[in-house]
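A quick write-up on the structure given underneath.
The values are calculated or read from the model by the stated rules, or taken from the named source; none is laboratory data. Small disclaimer: the values here were computed from a predicted structure and weren't measured. Quick reminder, even Gly has a Cβ in these numbers, built from the backbone with ideal geometry, and neighbours come from all protein chains shown. To get the accessible areas, we keep the full protein, side chains included, count just its heavy atoms, and leave off ligands, DNA and RNA. Shrake-Rupley method; radii C 1.70, N 1.55, O 1.52, S 1.80 Å.
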Amino acid sequence: KCDDDSSLGMPDVDHTSNPIFEFLSDSQRDEFIAACDKVSLAAGSQVMTRGDAGEQVYFLTAGEVSVRLPGANSQELARLQPPAVVGEISLLTGQGRTANVVATTSCELLSMPFEDFQARQAAGDIATLKIVSNIAKVLAHRLVALTDKLMELEADVPRERFVELQQFKARLFAEWSA
């Protein structure tokens, strides 16, 4: 672990505007960041692979990553730039990684092992609980975007695929309440 960003050649990062750290006091934010590992990755480095067991949550502080589905027609789902969180779905669900994530540029990340994050959460650490709430907001925004896209697709879907899309939407909304 490295408390000083400059020791890794990491640019000074202003974490005060990072929405993941919203509502944390300066001391809560600084203590949480100090508990994280600092990770430097070269462009092309694999951050995570779909299906692998998640062990770390990452907070992107510099650079850019590509979130992709694997396969011959590898589809890019998103390009993330700071501030961003990666690995949060596995952290919250305990399931394997849902996508491949690759550094498209050199990157700097903060990382925390799930075990440490969950221990902090179980101990009632206020900073960690606020971060969980902020991660939920990020996921809620993604869900709104997905819902909007689904509604857009529904308007343009060929008639023969309309029933399939309706069934998918019904299943998706039913699973959200589980």
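Listed by first and then second residue, the pairs with beta-carbon distance under 8 Å, at least 6 apart or on different chains, first residue in segment 150-178 and of a type outside the set (A, V, I, L, M, F, W, C), second open to solvent by 60 Å² or more (accessible area, probe 1.4 Å) and at pLDDT 75 or above, are Glu154/Gln166. Only one of the numbered conditions (1) farther than 18 Å from Lys38 by Cα; (2) touching a residue at least 24 places away in the same chain (Cβ under 8 Å); (3) touching a helix residue (DSSP H, G or I) at 6+ places or on another chain (Cβ under 6 Å) is violated by Gln121, and that is (2). Of the strands (runs of 3 or more DSSP E) lying entirely inside segment 37-116, those containing at least 2 residues that are open to solvent by 50 Å² or more (accessible area, probe 1.4 Å) and under 24 Å from Asn134 (Cβ atoms) span 75-80. Residues of segment 85-121 that are closer than 17 Å to Val67 by Cβ and among the aliphatic types (A, V, I, L, M): Val85, Val86, Ile89, Leu91, Leu92, Ala99, Val101, Val102, Ala103, Leu109.
Of all residues in segment 122-178 being part of a loop (DSSP other than H, G, I, E, B) and either open to solvent by 90 Å² or more (accessible area, probe 1.4 Å) or of a type outside the set (D, E, K, R) (or both), which is nearest to Gln28 (Cα to Cα)?
Gly124
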